[in-house]
Amino acid sequence: MDLCIDIGNSNTVIGVFDGEQLAQSFRISTHTKSTGDEVGLLIYDLLSARGISGDSVERIAISSVVPSALQSVQDGCQAFFKREPFVLRAGVKTGLSIRTRFPEEVGADRIANAVGGIAAFPRRNLIIVDFGTATTFCVVTKDKEYLGGVIAAGMRLSMEALYMRTAKLHPVPIEEPENALGRDTTQNIQIGLYLGQIGLARESIARLTQECFADDPPVVIGTGGYASLLDKEIRFDHVMPDLILQGLHIALDKNN
């Protein structure tokens, strides 16, 4: 069994691979102040609750966009699984050529998405849209070149900004609104969040396609927590919720 762990700003997603197949996946909140023992025990117990013995874990891979949480997860894996984790970062073997101005700045989550997308759609241009704490767009050529992309605030982050920076607005459930006209404050906020992401995605995809792939249209992949919610309006070519885990596992194979 291989254990793949993606540490995001809000959630940490954990996947267990049996061979090449993702057998189990679950998510926990990301905590930046947890000790290695706390994180390791939590992951170990979660696996046990799913009927997976910690002794069956042969390899571990981690991607992280939260430096303050990375060390604790590494320490926990070493303590409870007796394995030295592989950490995905710019410079390791991925098969991806990063053509940005500062390659070392490209986040591990975006590298994993690109690696997973290339494996799923070889020899195709790609635009990968990841709806997480941030909404990101990654542009990857059919020659495995990562060109760059777009970063914007995600739905939950936008909602939290409204709540924290205004006197009378409050948090709301993130869900598909029934109408474009809000009749109360909750509906107003929900519509703004929903349509804002749709407009962002449509415009970004259109402009990136025209600028980078005018003669060879890309495969557009939606991933992340809210991709399925928004797919009806944006109409991705494919929705792949586990793309980061798949890409992380492929990178693990390339480096072990």
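Which members of region 187-209 meet the condition of being open to solvent by 90 Å² or more (accessible area, probe 1.4 Å) and either part of a loop (DSSP other than H, G, I, E, B) or of a type in the set (S, T, Y) (or both)? Matches in region 187-209: none.
Could you say whether any residue in region 76-91 is within 24 Å of F131 (Cα to Cα), open to solvent by 10 Å² or more (accessible area, probe 1.4 Å) and modelled with pLDDT of 90 or more?
Quick first cut of region 76-91, residues within 24 Å of F131 (Cα to Cα) only: 87-90.
Within this subset, residues satisfying the condition of being open to solvent by 10 Å² or more (accessible area, probe 1.4 Å) are 87, 89-90.
So of that shortlist, the ones also modelled with pLDDT of 90 or more come out as 87.
The answer is yes, given that some residue of region 76-91 is within 24 Å of F131 (Cα to Cα), open to solvent by 10 Å² or more (accessible area, probe 1.4 Å) and modelled with pLDDT of 90 or more.
For G222, are the conditions met, namely being touching a residue at least 40 places away in the same chain (Cβ under 8 Å), assigned to a strand (DSSP E or B) and among the small types (G, A, S)?
Values: touching a residue at least 40 places away in the same chain (Cβ under 8 Å): yes; assigned to a strand (DSSP E or B): yes; among the small types (G, A, S): yes.
Criteria met by G222.
Scanning region 170-186 for residues that are among the small types (G, A, S) and open to solvent by less than 60 Å² (accessible area, probe 1.4 Å) yields a single hit, G182. In a residue-by-residue description of region 15-22, the property of being in contact with a Gly (Cβ under 8 Å, 6 or more places away or on another chain), part of a strand (DSSP E or B) and closer than 20 Å to G247 by Cα applies to at least one position.
Just for region 23-48: of the residues that are among the β-branched types (V, I, T) and either open to solvent by less than 40 Å² (accessible area, probe 1.4 Å) or part of a strand (DSSP E or B) (or both), which one is farthest from Q246 (Cα to Cα)?
Within region 23-48, the subset among the β-branched types (V, I, T) is 28, 30, 32, 35, 39, 43.
Imposing the further condition that a residue be either open to solvent by less than 40 Å² (accessible area, probe 1.4 Å) or part of a strand (DSSP E or B) (or both) reduces the set to 28, 30, 39, 43.
On the way: I28: 18, T30: 20, V39: 22, I43: 19 Å.
Here the residue is V39.
Just one of the listed residues (G19, G54) is among the small types (G, A, S), buried (at least 16 other Cβ atoms within 10 Å of the Cβ) and more than 20 Å from the chain's Cα centre (by Cα), and it is G54.
Can you work out which of the residues in region 50-75 that are of a type in the set (A, V, I, L, M) and touching a Lys or Arg at 6+ places or on another chain (Cβ under 8 Å) is modelled with the lowest pLDDT?
Of region 50-75, the ones of a type in the set (A, V, I, L, M) are 52, 57, 60-62, 65-66, 69-70, 73.
Still in the list and also touching a Lys or Arg at 6+ places or on another chain (Cβ under 8 Å): 57, 60.
Values: V57: 94, I60: 97.
Checked region 50-75; the qualifying residue modelled with the lowest pLDDT is V57.
Flag not set for D237, criterion: open to solvent by 60 Å² or more (accessible area, probe 1.4 Å), within 21 Å of V106 (Cα to Cα) and modelled with pLDDT of 95 or more.
Does A49 satisfy the condition of being in contact (Cβ under 8 Å) with a residue 60 or more places away in the chain and small (G, A, S)? No.
The values are calculated or read from the model by the stated rules, or taken from the named source; none is laboratory data. Treat the numbers as computed from the prediction; the structure is a model and nothing was measured. Ideal geometry is used to build each Cβ from the backbone, glycine not excepted, and the neighbour counts take in all protein chains shown. Side chains are part of the model used for accessible areas, which takes the heavy atoms of the whole protein and leaves out ligands, DNA and RNA. Shrake-Rupley method; radii C 1.70, N 1.55, O 1.52, S 1.80 Å.
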